[in-house]
Amino acid sequence: MTSELDPAERRTLITLSTGAFASQCSVRLCDPMLPQLAQDLGHSLGEVAYVITSFSIAYGLFQLLHGPMGDYAGKLRWIRFATWVAALASAACMLAASLHQLLALRFFAGAACAALIPLSLAWIGDAVPYQARQVVLARFMTGSTAGAVFGQVAGGVMADTLGWRWSFALPALVLLWVALMLSWEARKSLATATLHKTPALPESTQDVSRGQHISAPTDRKRPSLRTILREFELVLSLSWARVILGVVFLEGLLAYAAFAYVPSWLHLQFQMPLWQAGLAAAGFGLGGVIYSLLARYLIAYLGERGLVVTGAGLFALGLIGIGGTIWLKELSCCLLMGLGFFMVHNTLQVQATQMSPDARGTAIAAFAVGLFSGQSIGVALGAPIMGHLGFAWLQVGSACLFFIEGRASVKGVGPKATGPNLNG
């Protein structure tokens with residue numbers, strides 16, 4: 001996939017990207033199937049909507065556990081364990097006999113899926129030198145952004161054809177494949193070490209990058225509530241980490257405060273059919289896929305700081321342009337938003353991998369929680385603003401503030417702004 005990785009690392013990156021695809025597919029899978037769930041399970045639309053909420057709550061909360069556990073047990077090892085659990089929970093959703101059972105299983109699936117993307121980002125931080133890391137992160141991001149788009153579409157198509165139960169088979173099968181591939185790679189690595197009579201170090205102390213072993217201290221204690229809180233305290237004690245976490249929190253808040261209501265606004269204001277409004281909003285994810293494909297060229301041409309400024313401008317331009325009856329035009333605006341957002345976000349992800357090189361799993365988990373919290377609060381704030389002032393205020397305000405944030409934070413990105421271990 002990239003020349004910066006050896007063949008084994010490339011296979012692992014492809015596998016992790018596939019896992020990110022399944023994780024994000026699971027996040028969005030239930031969005032279009034709520035009417036069928038309400039009919040089949042005998043509950044109101046508002047009640048069955050908790051299948052989305054239960055997954056999201058678990059996905060956000062368990063970031064706090066997976067980061068320290070990945071640092072302790074080994075990132076790939078913990079991802080492998082979480083993927084097996086996620087595959088089983090997703091498959092079990094097909095057998096749910098009541099709404100309460102489905103809610104519980106979606107909670108377990110969300111708790112397990114929460115490990116895949118943050119620890120994969122931390123693994124990339126261990127495996128790839130800083131100078132090449134943004135391109136590799138963009139390649140990895142192809143899986144997660146494509147998964148979000150696919151989940152929204154596949155959930156509706158499967159519910160209308162084979163039924164909502166079979167929708168859960170899609171992420172379950174993909175997660176099963178990812179778990180099997182990671183297990184196979186682990187056994188292959190162990191067999192190679194045995195063949196060459198090389199003592200294999202515990203996964204918690206392995207850095208997959210060129211055989212160096214710097215990703216975690218060998219004296220890391222078994223995690224407990226106290227040690228987990230201590231890990232996050234150490235990350236937050238770093239001034240640069242606080243800056244990055246604050247920026248990504250605002251990024252999530254400003255981006256999703258307006259974007260979350262785009263499909264509903266297009267439907268209510270312009271009488272656009274829901275399927276067209278949803279398809280237009282899916283352009284956001286397509287913009288992320290386009291960025292991942294063009295990342296190498298954009299990074300070479302613009303540099304990290306140019307990516308942030310240009311990306312913030314494209315996002316603002318796309319958001320302000322939304323509004324009308326032609327869904328292809330709305331799709332283009334959402335695509336522009338997605339392209340700009342991921343230009344900014346991918347740059348922040350690179351910075352996040354350098355916040356605390358000795359505890360990358362914990363640092364990336366804090367980064368994910370910051371983004372997730374920002375998104376949640378942004379959506380919550382967007383509703384009353386739209387209700388009292390109208391969508392136009394939310395639209396223009398979010399666009400302008402996102403651009404201002406991009407301009408303000410641009411001086412904080414780049415190799416000079418990162419932590420001490422630039423080759424980590």
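The values are calculated or read from the model by the stated rules, or taken from the named source; none is laboratory data. All of these numbers come straight from a predicted model, not from anything done at the bench. For neighbour counting, all protein chains shown are included, and Cβ atoms are generated from backbone atoms with ideal geometry for every residue, glycine included. Accessible surface is based on the protein model in full, side chains and every heavy atom, while ligands, DNA and RNA are left aside. Shrake-Rupley method; radii C 1.70, N 1.55, O 1.52, S 1.80 Å.
Observations on the structure shown:
- Applied to region 381-387, the Karplus parametrisation 6.51 cos²θ - 1.76 cosθ + 1.60 on θ = phi - 60° returns per-residue 3J(HN,Hα) values of 6, x, 4, x, 4, 5, x Hz, with x for Gly and Pro.
- Label positions at ASP160 and ALA408, each projected 7 Å from the Cα along the C-beta direction, are separated by 4.3 nm.
- Per residue accessible area of region 25-157, 1.4 Å probe, in Å²: 33 Å²
- Only Lys, Arg (+1) and Asp, Glu (-1) charged, at Cβ; region 4-148 dipole about Cα centre in debye: 220 debye
- Solvent-accessible area per residue in region 252-315 equals 42 Å², computed with a 1.4 angstrom probe and all protein chains kept.
- Option label - semi-axes √(5λ) of the Cα gyration tensor in Å computed here, alternatives (i) 43, 28, 18; (ii) 33, 27, 19; (iii) 37, 22, 21: (ii)
- Inter-label distance, nm, simple model (7 Å from Cα along the C-beta direction), LYS329/PHE270: 0.7 nm
- Extended-chain gain in nm, criterion 0.36 nm per residue less alpha-carbon gap, ILE377 and ILE57: 113.9 nm
- Heavy-atom accessible surface of region 62-200: percent carbon and sulfur, 1.4 Å: 74 percent
- Among THR53, LEU102, LEU173 the positive-end extreme of the charge dipole of the chain (Cβ point charges): LEU173
- Estimated FRET transfer efficiency (LEU234, ALA300; beta-carbon r; R0 41 Å; 0.05): 0.70
- Heavy-atom surface analysis with a 1.4 Å probe gives region 239-283 a carbon and sulfur content of 70 percent of its accessible area.
- Mean separation of Cα pairs under 8 Å and 6 or more residues apart, divided by the residue count, gives the chain a relative contact order of 23 percent.
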